[in-house]
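First up is the structure itself, then whatever we jot down about it.
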Amino acid sequence: MIYLFIAIIGASLLYLIFKIFEIKGVHAEAGIMVNYITATICAAVVAGGTPVNFINTNSSAELISCVCLGVGFSLTFTLIGAVTRLLGVAGATIISRMSLVIPAGYSIIYFGEKLSMLKGAGILIALLAIYFTVKSEDETVKKKYGISSILIPILAFIGVGLTDLFMKYVERNYFHPVMDLNFATLLYAAAFCGATVLFFINSRRFGEFLKTKTLVWGILLGVANYGCLYFFLKALTSGLDGSVIFPLNSVGIVIVSTTVSVLFFKEKLNLSNSVGMALAIVSILLIAYS
């Protein structure tokens, strides 16, 4: 259980550091680049620094899937950072955690899993949680960003859900990350490449990459990024049932990140925020129990 607790703390830190990016004026894309360099180094050190063995022992289809997954990580990470600026830590956490309805829906359609009343209710409640979360946006934010204030959370929800779904596809058809830590090294390296492309497309402020605040907070984000993955995978191999780990992880991240954001960043939860968070927790538990 200690591994799961550390994984929850690490994942919660991701959202909180994105909030610090906003407070400290850290360029998001530059910080994400530093984050993935750091995560790649951490993964290589833990795996023994032998990603070449992983490349040599897997087919081109497996490697392409790994690279695509890494690029997906960088895209969704950038979107989550944008959602944090729009909706705060609580909103970004709820939007990303509710994306579990996408792999759940896919399992029902593609694998023919039975749609029980509990799972159906969980999916509907998840959509309501997203509605109340987006609805909670401050009016000044809506005026400043216009339609983007609605599109970005929706894109983040879809992006995280599709990335999770593709991760499950890779695990089912090729390999399991738990069994090969070199997988994470290549995954983060691919994510760094994707983040680099996004940075150069969206910004010409190349000096941002070398600023002290970008390096410091980007490195901390990268350590938290790899740490939550590593300890979550350790939790999966600790003997705990996956049906217990996944819902506890999601609920824990929502509660911890929201609590810390209220205590330390003075984020205020209005009625819509509170309803969204409560519905998110209920949705996760219903889908897990079903």
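Is region 274-281 home to any residue that is in contact with a Leu (Cβ under 6 Å, 6 or more places away or on another chain), part of a helix (DSSP H, G or I) and more than 29 Å from residue 30 (Cα to Cα)?
Our first condition is that a residue be in contact with a Leu (Cβ under 6 Å, 6 or more places away or on another chain); within region 274-281, this holds for 279.
Those still in the list that are part of a helix (DSSP H, G or I) too: 279.
Those left that are additionally more than 29 Å from residue 30 (Cα to Cα): 279.
Yes, region 274-281 has at least one match.
Among the residues of this structure, residue 198 does not count as one that is within 22 Å of residue 12 (Cβ to Cβ) and either hydrophobic (A, V, I, L, M, F, W, C) or at pLDDT below 85 (or both). Annotation: of all residues in region 103-152 being basic (Lys, Arg) and more than 17 Å from residue 91 (Cβ to Cβ), the one that is modelled with the lowest pLDDT is 143. One residue stands out among those in region 252-290 that are β-branched (Val, Ile, Thr) and in contact with a Lys or Arg (Cβ under 8 Å, 6 or more places away or on another chain): the one that is surrounded by the fewest Cβ atoms within 10 Å (Cβ to Cβ), which is 262.
Scanning region 82-98 for residues that are more than 10 Å from the chain's Cα centre (by Cα) and small (Gly, Ala, Ser) gives 82, 88, 90, 91.
Results for (1) farther than 21 Å from residue 217 by Cα; (2) at pLDDT below 90, shown as yes or no for each residue.
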site	(1), (2)
3	yes, yes
27	no, yes
36	no, no
39	no, no
55	yes, yes
68	yes, yes
88	no, yes
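The values are calculated or read from the model by the stated rules, or taken from the named source; none is laboratory data. These figures come from a predicted structure and were not determined experimentally. Because the Cβ atoms are built from the backbone with ideal geometry, glycine has one as well, and the counts that use them run over all protein chains shown.
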